[in-house]
Structures are given as C-alpha cells and as structure tokens.
Amino acid sequence: MTMRISCVILTRNEEARIAQCIDSLLIQKEVVKYLEVIIVDGHSTDSTREIVKTYVDTYSEVKLIECHKWGYSYQRNIGVNCANGDYILFISGDAYSSKNLLKKYVSYINLGYEVIQGSIINISNAKFFSKIMRTLYPSIYSNSMNNKEDESFSTVNVLIKKDLFNLGKFNESINSMEDKEWFAKIQSLNKVKFIRAKGAAVHHHIHEDYKQYSKKIFKEAVAIGNITIKEKSKKYNYFGWLSLTNQIITLMLFTSIFLFVFPIIPNTFFTIAVFIIMLLLPIIFKIQRKYPRNNTLKYNEKIALIIYFISFYIIIPIGITKGKIIGLKNLYLLKITSYR
C-alpha cells in the first residue's frame, strides 16, 4: 500500500520553533512513499515565513501557504484543500515530532484506522508561572505522554484520513476548540475507526506565562459557549466548563436573592464582601482538593497559585457567557436573513 501523507502545520509568529518542527518531520521522509510538509502561515509578523522559505528552496517536500489573516479553522481548511496526501497529519507549529512518529502512524493506517490520535509530551520551562502550573495541573505539565480520555482528540498531533473532510470542514465561525467540535460532528455523522496511538508522540511547548494561558482558556470558553447554543449534547461539556459555569450562575442567583431580597447585613460594603466570599467558596474548595500539600512552592508562589486558580474560574464562566451571547446573536441574524 502506497502511503501518501500530508503534514499540515499552522503558524503564527513561530520563528523560534518552526525549524525544529520541520526538521523533525523531514528526517522521517523515507518512511513513506510520498510526504509533503505544508506550512499554513497566518500572516506572521516575525521571521517565520522567511525561515520556512529557506526550506521551500531546499526541499521539494516543503510548501508555504501565506494567508492574509490568522485563524485556526480558516488555516486548517486551507491546508486540507491544498493537501495531496490520502492522510493529513496535523502538528502544532510549536511542537516537534518524535523520531518514529510516521512509522507508528503507518502501522495503524495498515490496520484500517481513519483517525489516529497521537501522544502529546508537554514541555514547560522553569519560569515562575510554569512552576506554579506544574503544581496546579501536574497531569498537563508532567513532561510525559498525555493519553488521557479528556484529551481524546487534539490537532496538536493527529492523523486523519482525508476523505473524512468530505463530511464537513472545520467551523470557521469559532476560533478555538474547532478540532474537538469537528470530531464530535464527524462521529455523529459516521462510524469512524478511531484509535489512540501509543508511542506516536510529539513534544509540545505550552503556556509560557499567565497572560498567554488566560487568553487561551478565555478563547476556548467563548468557543464552547458559542458551540453549545446549537449543540445541546453533554459531549460538548469540554473540561466540565459548562457544568462549572452553571454552578457559578446558580450560586450567584441564590446568593443575590439571599442578600438583596432578604438583607441581613445593613452595610452595603459588608453585603458585597459576603457576596464575593460566597461566590469564592466553591473555588476555594476546588483548590483544597487539587492543591498538593507536600509541594516545594515558596510563600509568594503559593499566593500566586491561589490567585491564578481563582482568576481562571472567573475567566471561564465569563467566556462561556460571552460565547452564548455571540451564538444567540448569530442565530437571530440567521433567522432575520431567512425571513427576507
């Protein structure tokens, strides 16, 4: 069987890592009869495109597609349309492949699988934020293979049979979680032969600072809120964020009724303080359950951990709510357009 694999890599200002990503794939080109590496650049403002162009001039397997805008779904769909392979391998531009990645994938293709989810070895540096995050989320920052079911589909490292995209492309109305939404829809439309490939790993650089991570989870929360306006299935309750949002909104409602309909504290300042404390209680309980007591964090790092954790659980419901508002607005505009 002739293996034709197209590697699609999305980039946006990845000058520090894109060369390592491309090199890690090119050294495996003898494994398959046909290999192409397609870099879909989302209008990088650094030297990413110049670096890729040096590979284009040297290797016939490497192609560069320069987009006028940036967006995960938009770039992925362009990559799919331009791919010549029978299978498409999505790898994040800030990751690099293990030496036997393609060999592992080929063995699963021979078994007839259509979607093969590879492993992700997350890499974080020793900076202040990363140290705290390794304590708070050890399974994500473990520097070991992440094969958990809650990460059952991720385009950081996944091989997909190209024919499946005839059933639908990535949703360009959202700019995060588009991979998980696509896979959920494909599974509902067709019986997909799916497997998690042990040992088919990439090394992935993640979340360098608080600002980057906060933007990421806010964008993901907005996407989940948007998706669930149309899709009511529990399978879209990614990471349990919808449940968390519903819990916090319910708590806010009952706390508001308790404090303002039946005021027991005459002073406005203390009323607001009690309101905030009652909202934070479930978050504090979550910290108690997740926070390892035998850690090596310093006092200032412990304070930062609590602040980070609380802020994340505030950002998520706000993002979910914003996404639902966007989704409702889009539905309203769609109905108006259909009536005309």
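The values are calculated or read from the model by the stated rules, or taken from the named source; none is laboratory data. These numbers come from a predicted model, not from an experiment. Because the Cβ atoms are built from the backbone with ideal geometry, glycine has one as well, and the counts that use them run over all protein chains shown. Accessible surface areas use protein heavy atoms only, side chains included; no ligands, DNA or RNA. Shrake-Rupley method; radii C 1.70, N 1.55, O 1.52, S 1.80 Å.
The table below gives the values:
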| read-out | value |
| --- | --- |
| Gain in span if fully extended, T45 to L334, counting 0.36 nm per residue against the direct Cα distance | 100.5 nm |
| Residues whose placed amide H lies under 5 Å from that of C7, excluding near-sequence neighbours | E36, V37, I38, L89 |
| Estimated distance in nm for a label pair at S243 and S173, the labels positioned 7 Å out from Cα along Cα-to-Cβ | 2.8 |
| Amide H contacts under 5 Å for K193, placed H, 5+ residues apart | E114, V115 |
| Cross-link pairs beyond the 21 Å C-alpha cut-off, checked among K53/K169; K127/K180; K103/K162 | K53/K169; K127/K180 |
| Accessible heavy-atom area order of Y113, Y105, highest first, probe of 1.4 Å | Y113, Y105 |
| I123 long-range amide H proximity, modeled H, under 5 Å | H204, H205, I206 |
| Extension gain, L189 back to K302 (0.36 nm per residue minus Cα-Cα distance, nm) | 36.0 nm |
| Rounded accessible area per residue of region 1-130, 1.4 Å, Å² | 42 |
| Cα gyration tensor, region 1-134 - rounded (a/c under 1.5), prolate or oblate | oblate |
| Modelled FRET efficiency - R0 56 Å, I310 with V31, Cβ distances, 0.05 increments | 0.75 |
| Reach of K324 by Cα under 12 Å, taken over aspartates and glutamates that are not fewer than 8 positions away in the same chain | E231 |
| Surface accessible to a 1.4 Å probe, E220 within the full protein complex, Å² | 20 |
| Packing-based order for 52-63, 188-199, using average beta carbon neighbours within 10 Å, highest first | 52-63, 188-199 |
| Extension gain from E15 to Y59, taking 0.36 nm per residue of separation minus the Cα-Cα distance | 14.0 nm |
| Inter-label distance for K198 and N166, nm, one decimal - labels placed 7 Å from Cα along Cα-to-Cβ | 3.4 |
| FRET E, pair I229, E66, Förster distance 35 Å, beta-carbon r, rounded to 0.05 | 0.55 |
